[in-house]
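Input: a single structure, listed below in structure tokens.
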Amino acid sequence: GNAIGSAFGGVTSLVSGIGTEIGATFGTVLSDAKTVFSDLYATASTTFGGISDALAAGDFASAAEIAWLGLQAVWLRGIQAIMSYTDPFIEALQNIWGDLSVGTINIFDGLFTSLRTTFNSAFAVIQGIVDNVVVGLLNTFDKLVTNIKIAWTRVQGFISGAEDTQERVDKIKSESEARQEARRQELPGIEGRQQQAAEKNQKLRDEAAARKEQREQDLAQAKAARATRTSQRAQQRQAQVDDVNQRLGSKRAEMADLKQAGELTSQLGSVSDPKQLAQLGEQLAGLIDRGNLPVEREQALTEAYNAASSRVGKA
């Protein structure tokens, strides 16, 4: 009963840990939803703004390209949002299964180890009792035979007058003591058997602890590998989203500059005030510095500015 209770003592903490892990997995869904919709709104604003600027500049090909990039950005961000919950959930399920598997194996391994050590200790007592009975009987019989041999040896020595009688008696005694010692080693009794059982039980417990530690190390390595894979997939998806958004943003900036170039061309054609011309010149310089305009468009703007400067100067 104690062995079974000890073996199943970790079930409550195991189930509690699984519940906590599931709760943590779903706990971030609602808090992240606001960020996801905010990102999608920003992408939509950039896309529609870029399309509007491209149409204003008369660049229908760029408008179509921006629309395609916008669809890609929304799609990838949506996939990223879904998989950011799906991957950790799958990882959590795999971790839960690993915890359950390792926990169950540890429980039953500990239970069987406890039962084996309990059986070894109980059987050692039984063996020790048998040893004591058998050794007692054998020693008693051996002493009887030894005494008879000693008596007969002394009678023979007395009759024949042998000088080595005592040596032969000592040899008989030594042989008897050696047999008794061999029996004590082979049949050590209750105390000896319990000592042997204790050493065997300690070895079983050490082996069980080593197996448990190895299983837990393997589980920790598997969890770390799964976490690494989940993180790598998240980084790859984020890189795809960032790349599309960067291209979308660049195209939007290019269309905005084209639109501004058209407005500047129109304003330079009718400018008459030197201060206004200076302001338009500053805008033109900043526009050219950003480097989003084609070379021929920059040349046309420069020529329009020079023409406006000559006209205002003459006025």
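The values are calculated or read from the model by the stated rules, or taken from the named source; none is laboratory data. Just so you know, these numbers come straight off a predicted model, no measurement behind them. Because the Cβ atoms are built from the backbone with ideal geometry, glycine has one as well, and the counts that use them run over all protein chains shown. Accessible surface areas use protein heavy atoms only, side chains included; no ligands, DNA or RNA. Shrake-Rupley method; radii C 1.70, N 1.55, O 1.52, S 1.80 Å.
Worth a mention:
- The number of residues in segment 168-191 being open to solvent by less than 70 Å² (accessible area, probe 1.4 Å) and touching a helix residue (DSSP H, G or I) at 6+ places or on another chain (Cβ under 9 Å) comes to 9.
- Long-range neighbours under 7 Å by Cβ, at least six apart or interchain, first residue over 19 Å from GLU177 (Cβ atoms) and touching a residue at least 24 places away in the same chain (Cβ under 8 Å) within segment 125-142, second open to solvent by less than 50 Å² (accessible area, probe 1.4 Å) and basic (Lys, Arg): GLN127/ARG193; GLY128/ARG193
- Only residues that are surrounded by fewer than 17 Cβ atoms within 10 Å (Cβ to Cβ) and of a type in the set (D, E, K, R) were counted in segment 103-132, giving 1.
- Scan segment 280-309 for residues that are free of Cβ contacts under 8 Å to residues at least 24 places away in the same chain, more than 19 Å from ARG252 (Cβ to Cβ) and surrounded by 15 or more Cβ atoms within 10 Å (Cβ to Cβ) and the total you get is 2.
- For segment 140-167, the set of residues classified as of a type in the set (D, E, K, R) and surrounded by 15 or more Cβ atoms within 10 Å (Cβ to Cβ) consists of ASP142, LYS149, ARG154, listed by residue number.
- Applying a threshold of 6 Å to beta carbon distances and a minimum spacing of six or more residues, or different chains, the list of pairs starting in segment 203-218 at a residue that is on the phi < 0 side of the Ramachandran plot and ending at one that is assigned to a helix (DSSP H, G or I) reads LEU204/THR113; LEU204/ARG116; LEU204/THR117; ALA208/ASP109; ALA208/THR113; LYS212/ASN106; ARG215/VAL102.
- Those residues of segment 153-173 which are over 19 Å from LYS143 (Cβ atoms) and aliphatic (A, V, I, L, M), in sequence order: ILE159, ALA162
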